[in-house]
Amino acid sequence: WDNADFSRGVGTTFYQEFSTLNTAKPPFVLDVEAKVRRYLRSSYSAVWTLKITWEKAPVYAARTDTHKTATYQAVLTTDGFRSYILMLYQDGGMQWDYTKLTSTNVLIGYT
């Protein structure tokens with residue numbers, strides 16, 4: 001991740017927690033379970049999931065450009081034994097200008 005800069009009042013960050021150990025699972029958690037099963041080809045039933053969203057986040061330093069923003073999510077989920085993270089990006093990917101970064105070997109995602 002690059003540094004997001006919310007100092008100019010542009011963009012927001014919010015989260016939602018889903019504890020589903022003994023409750024009905026909302027559609028979002030069912031979708032997360034389906035993704036984990038599909039990508040890993042294994043059974044998976046979440047007992048806890050956390051969705052963190054960065055909406056219209058401007059790149060650091062926002063004082064230079066608040067028009068190129070990015071919306072992305074990190075979804076952490078566990079079945080109590082195994083834990084996973086899904087990195088989700090809005091269609092169109094990152095809008096930040098990577099050519100202005102000090103390092104140009106840029107990846108989107110988690111390695």
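The values are calculated or read from the model by the stated rules, or taken from the named source; none is laboratory data. The model shown is predicted, which means the values in this text are computed figures rather than measured ones. Neighbour counts run over all protein chains shown; Cβ positions are idealised from the backbone, glycine included. For the accessible areas, the whole protein counts, side chains as well, though only heavy atoms, and no ligand, DNA or RNA atoms are used. Shrake-Rupley method; radii C 1.70, N 1.55, O 1.52, S 1.80 Å.
Filter region 94-111 down to residues that are at pLDDT 65 or above and closer than 19 Å to residue 13 by Cβ and give me whichever is surrounded by the fewest Cβ atoms within 10 Å (Cβ to Cβ).
Checking each candidate, the answer is 95.
Could you tell me whether residue 17 is over 17 Å from residue 85 (Cβ atoms) and among the acidic types (Asp, Glu)?
Considered against the rule, which asks whether it is over 17 Å from residue 85 (Cβ atoms) and among the acidic types (Asp, Glu), residue 17 comes out as no.
This table checks each residue for (1) part of a helix (DSSP H, G or I); (2) in contact with a Gly (Cβ under 7 Å, 6 or more places away or on another chain); (3) open to solvent by 80 Å² or more (accessible area, probe 1.4 Å); (4) farther than 30 Å from residue 67 by Cα.
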residue	(1), (2), (3), (4)
9	no, no, no, no
15	no, no, yes, no
21	no, no, yes, yes
25	no, no, no, yes
29	yes, no, no, yes
33	yes, no, no, yes
37	yes, no, yes, yes
43	no, no, yes, yes
46	no, no, no, yes
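Applying the selection to region 19-55, what residues are aromatic (Phe, Trp, Tyr) and without any contact (Cβ under 8 Å) to a residue 12 or more places away in the chain?
Matches in region 19-55: 39 only.
Considering only residues that are open to solvent by less than 40 Å² (accessible area, probe 1.4 Å) and under 16 Å from the mean Cα position of the chain (by Cα), look in region 56-72 and name the one that is modelled with the lowest pLDDT.
Here the answer is 59.
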